[in-house]
1. Determine how many Å³ per residue the convex hull of the Cα atoms of the range 56-142 encloses.
2. Cut-off 11 Å, label point 7 angstrom out along Cα-to-Cβ of Leu159: give me the residues of the range 1-16 whose amide nitrogen falls inside.
3. Report Rg/Rh for the chain, rounded to two decimals, where Rg is the Cα radius of gyration and Rh the Kirkwood radius.
4. What is the Rg over Rh value, at two decimals, for the range 218-259, using alpha-carbon atoms and the Kirkwood definition of Rh?
5. Once you've got the Cα coordinates, tell me which of Lys306/Lys400; Lys306/Lys332; Lys52/Lys200; Lys259/Lys350 are over 21 Å apart.
6. Beyond 13 Å, what share of the Cα-Cα pairs of the range 295-364 remains, rounded to the nearest whole percent?
7. Rule-of-thumb check for the range 248-370: C-alpha Rg over 2.2 N^0.38 Å?
8. From Cα coordinates alone, what are the radius of gyration and Dmax values for the range 12-82 in angstrom?
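Computed from the coordinates by the stated procedures, all read-outs in this text should not be read as laboratory data. Just so you know, these numbers come straight off a predicted model, no measurement behind them. A quick note on method: Cβ atoms are made from the backbone with ideal geometry, for glycine too, and the neighbour counts reach across all protein chains shown.
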Amino acid sequence: MIGAGYVGLTSAAILADLGNTVWAVRKDIETIEIIKRGEAPFYEPGLAEIIKRNIEAGRLIPTIEYKEAVPPAEVVFICVGTPSLPNGEADLSQVFAAAEEIAQNLNGYKVIVDKSTVPVGTAEKVKEIIRKNLPENISFDMASCPEFLREGQAISDMLNPDRVVIGAETERAKSLLLKLHEPLSGERVVTDIKTAELIKYASNAFLATKISFINEVARLCETVEADVEDVARGMGLDKRIGRSFLKAGVGWGGSCFPKDTRALCFIANDSGHTFPLLKAVIEVNNEQRRRFVQKLKAAIGPLQDKIITVLGLAFKANTDDVRESASLEIIKLLLSEGAKIQAFDPMAGKNAQMALKEVSGVVFCQDAMSACQDAHAVAILTEWEEFKNLDWPVVKKVLKQPIVVDGRNLLDPESIRAKGFLYFSIGRP
Ligand code: UGA
């Protein structure tokens, strides 16, 4: 597994747990040392235990060296980052650098699999790079096995996927990958490499579309005084629509949807198709952040010198990841209007502090209650269960004014209002 970041390390640990010997390569000695100690370098429920038992069993071997990891392997996964370039295009420099080093260490037939989310046609480019850098004439096959796991529930998503997508060009590669994935449930989609590459982008873009759609419906609900939660339920019970990813809120964030929707727009543009639908999906998402700030202003007036409690910094619950988190984007908007922020997140405080280190005006608190002290309003921006179960009557006592603006529709409107709060949420009367 070349790349021991979120997807790489989780995949490596689980493939090891299924009985394979897995080398996890990352050129960052500090992270490798953490994994060697049997720990996870980021928060993912259940992952540390799996890492620990497979390190102890010798099936998971973290290393900084390709020359240790590539020669004994039958399958080499490329699972490095593909961040956005300023124009939205996926930056493939880490993928191409990995391809070069894999080639230099190839000692016999192997299947080289792209697991990173990469634009259509990347496998062809990787193949070319490997060919150019081979020390001798060694045969290999390219393949694409996109990953569909979600942060926060990565283990169960990986073990019980809805589908396993295998894009391969030869029978040999297909059968090796089918065998490797045999213990996993889910339907197999065996196809060509370009189709597999596109399945991943199309899936993420569609899920983002569902969320932007319901957020747009939420706006309509606010003007016609309907309840988006019931609209989503009523829609979602139709099996053709489905209930998941219809939760209205401050919009999608994270390390995948923002980057992948931008990249798919870029891929489409590049091939002469403008994909207006996807552009609108992205715009609705950006607007959703701005609308939250408007909502807060409508509740408490001008933000200059107001203290706002921000509950939740992670891009969603059950993770410490703050990449493209709606919360951080909203914090910046609030600061630009002169507000002061007291923030708390059960897991993501440290990462948020690093991400906002250039920004002044944010106090990171040790618990929710201290974040609420003397504040003019509470903004709920990540749907942590912990916030639902706060002692809200005590919160009311420490706040300057009892106002909650819930960007995740986490609280029950009736019960929070019964406690004496002025409560505003997304798309609910
Ligand atoms: C997403 C996909 O769900 C995975 O299938 C995919 O493998 C992964 O990207 C990836 O490409 O690696 P992830 O980014 O971990 O997974 O998180 P999601 O659970 O999809 O949530 C993404 C964002 O959408 C979060 O900000 C979340 O709060 C938001 N969201 C999700 C909503 O606002 N409403 C919903 O109904 C669902």
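1. Details: hull volume 8.9 nm³, N = 87.
In the range 56-142, the Cα hull volume divided by residue count equals 103 Å³.
2. Residues 14 qualify, since their backbone N sits under 11 Å from the label point.
3. Across the chain, the Cα-based Rg/Rh ratio is 1.01.
4. Details: Rg = 12.3 Å, Rh = 11.6 Å.
Ratio of gyration radius to Kirkwood radius for the range 218-259: 1.06.
5. Exceeds cut-off: Lys52/Lys200; Lys259/Lys350.
6. 60 percent
7. Its radius of gyration relative to the 2.2 N^0.38 Å reference: 1.17.
8. 11.4, 32
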